[in-house]
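In what follows, a structure is listed as structure tokens, so that the remarks can point back to it.
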Ligand code: FE
């Protein structure tokens, strides 16, 4: 849910620059993160656990460039990957096979979560982080559904 909050802030920043394609990408990213959280909650409920919602920290919103958004995204997703991997290790240690299998989906998902911003950063590295290459990227990211 923090991820969703972080990406909501990034979508708002992109929209403020009229980069609506970039904003679209982060809005879809936000939706996906909520789905990931929902999937966790569903699993916990199925296993007889109790959902306890806590306060969500305000994300850092000092954005200065579009490239910076994707650098932050990649950095954040790496933290998430490490968290998922810790959960896998914990499930293994506890002999909780069902949870270990459940977590496999997130392990695979994190490969994509890191690959997406990496690809975008590579495109920005090729085309340049400003000007017309940014507008081309905006067009590409506007196509994400
Ligand atoms: Fe994510």
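Laboratory data are not the source of any read-out in this text; all were calculated from the coordinates shown. Here the structure is a predicted model, which is why all the values come from computation and not from measurement. Cβ atoms come from the backbone with ideal geometry, glycine included; neighbour counts cover every protein chain shown.
Filtered by the rule that a residue be part of a loop (DSSP other than H, G, I, E, B) and surrounded by 12 or more Cβ atoms within 10 Å (Cβ to Cβ), the stretch 57-85 gives 59, 63, 65.
Figure legend. Inter-residue proximity from the stretch 11-38: first residues within 20 Å of residue 136 (Cα to Cα), second residues assigned to a loop (DSSP other than H, G, I, E, B) and within 11 Å of the ligand (Cβ to nearest atom), beta-carbon distance below 6 Å, spacing 6+ or different chains. No pairs are indicated. For the structure I just gave you, tell me whether residue 98 is loosely packed, with under 13 Cβ neighbours inside 10 Å and either free of Cβ contacts under 8 Å to residues at least 12 places away in the same chain or under 18 Å from the mean Cα position of the chain (by Cα) (or both). Against the criterion (loosely packed, with under 13 Cβ neighbours inside 10 Å and either free of Cβ contacts under 8 Å to residues at least 12 places away in the same chain or under 18 Å from the mean Cα position of the chain (by Cα) (or both)), residue 98 does not qualify. Here the condition is being touching a helix residue (DSSP H, G or I) at 6+ places or on another chain (Cβ under 7 Å), more than 16 Å from the ligand (Cβ to nearest atom) and within 30 Å of residue 43 (Cβ to Cβ); of 99, 118, it holds for 99 alone.
If you take the residues in the stretch 117-134 that are assigned to a helix (DSSP H, G or I) and free of Cβ contacts under 8 Å to residues at least 12 places away in the same chain, which one is farthest from residue 89 (Cα to Cα)? Per the criteria, the residue is 132.
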